[in-house]
1. Output the residue which, of all residues in segment 118-162 that are under 23 Å from residue 183 (Cα atoms) and charged (D, E, K, R), is modelled with the lowest pLDDT.
2. Can you tell me which of 52, 21 is crowded, with 22+ Cβ neighbours inside 10 Å and farther than 19 Å from residue 140 by Cα?
3. Which residue pairs have Cβ atoms under 6 Å apart, sit 6 or more places apart or on different chains, and have a first residue in segment 170-181 that is at pLDDT 95 or above and open to solvent by 10 Å² or more (accessible area, probe 1.4 Å) and a second that is charged (D, E, K, R) and not in a strand (DSSP E or B)?
4. Based on what the data block shows, is residue 65 open to solvent by 10 Å² or more (accessible area, probe 1.4 Å) and either in contact (Cβ under 8 Å) with a residue 40 or more places away in the chain or over 17 Å from the mean Cα position of the chain (by Cα) (or both)?
5. Which ones in segment 24-45 are within 16 Å of residue 84 (Cβ to Cβ) and assigned to a strand (DSSP E or B)?
6. Those residues that are touching a residue at least 60 places away in the same chain (Cβ under 8 Å), open to solvent by 20 Å² or more (accessible area, probe 1.4 Å) and within 14 Å of the chain's Cα centre (by Cα), I need them from segment 125-139; list them, please.
7. Select from segment 28-49 the residues that are hydrophobic (A, V, I, L, M, F, W, C) and open to solvent by 30 Å² or more (accessible area, probe 1.4 Å) and write down the one among them that is nearest to the chain's Cα centre (by Cα).
8. Checking the condition in contact with a helix residue (DSSP H, G or I) (Cβ under 7 Å, 6 or more places away or on another chain) and over 29 Å from residue 5 (Cα atoms), which residue from 93, 116, 133 passes?
Amino acid sequence: MESSIAVRHRSMDEIMEGLHLVRQSPRGVGTLALAVRRPAVDAREVLSRAELDPDAGLLGDSWSQRPSSRTTDRSPHPDMQLNVINSRFVELIAGPDRDAWALAGDQLYVDLDLSIDAMPAGSRLAIGDRAVIEVTDQPHTGCAKFAARFGRDAHKIVWTEEGRRLRLRGLNARVLVGATIGTGDTIRQLPATPRQPATDALKT
């Protein structure tokens, strides 16, 4: 699946009218709604199951081949392995077609409160029975492609004060414990215990 899908651009009024649904996203425990692999620029593969790996991120994704302007040698940024976005917001701006959701370019689409208050940098999330990812401090910002695919108003709202607080454009994360994950898996925030190994936190 490539980015040839046309999405009707929602107006600011439409987005604002539905934003209460995003605000009501579950806190602490939610659901993995979609996993997407990006094998090449503008290419998307919607997956029912995906493999997370501490070195490669999401296996088969192009993160490991993407140069980063945030590293001194332009190597892939280790704290930007995964882009995670709120599935309610994506549905609000893209509609129910999950192929259209994938145009956002994120790998994980979750029904979970991703706001800064709920999910500060360093928060750990367990997906399914074994996988663990960690929220990093790298900001995830909208780009020209996001505006072109979902409209100028969708792009504008992610830059508002509330949009930034809710992390409407999503967050960056890295893989701590690799495992196979699947659509419908529970995703839960692990207790904040300093220096506790991620595998130990899964037992709590």
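1. 129
2. 52
3. Hits for this filter: 174/79.
4. Working: open to solvent by 10 Å² or more (accessible area, probe 1.4 Å): yes; either in contact (Cβ under 8 Å) with a residue 40 or more places away in the chain or over 17 Å from the mean Cα position of the chain (by Cα) (or both): yes.
So residue 65 fits the description; yes.
5. If the condition is that a residue be within 16 Å of residue 84 (Cβ to Cβ) and assigned to a strand (DSSP E or B), then 29, 30, 31, 32, 33, 34, 35, 36, 37 are the ones that fit.
6. Selection gives 134, 138.
7. Initial filter on segment 28-49 (hydrophobic (A, V, I, L, M, F, W, C)): 29, 32-36, 40-41, 43, 46-47.
From what's left, open to solvent by 30 Å² or more (accessible area, probe 1.4 Å): 29, 40-41, 46.
Details: 29: 15, 40: 18, 41: 17, 46: 14 Å.
If we take residues in segment 28-49 being hydrophobic (A, V, I, L, M, F, W, C) and open to solvent by 30 Å² or more (accessible area, probe 1.4 Å), then 46 is nearest to the chain's Cα centre (by Cα).
8. 116
The values are calculated or read from the model by the stated rules, or taken from the named source; none is laboratory data. Quantities reported herein were computed from a predicted structural model and do not represent experimental measurements. So basically every Cβ, Gly included, is an ideal-geometry build from the backbone, and we count neighbours across all protein chains shown. Calculation scope for accessible area: heavy atoms of the full protein, side chains included, ligands and nucleic acids excluded. Shrake-Rupley method; radii C 1.70, N 1.55, O 1.52, S 1.80 Å.
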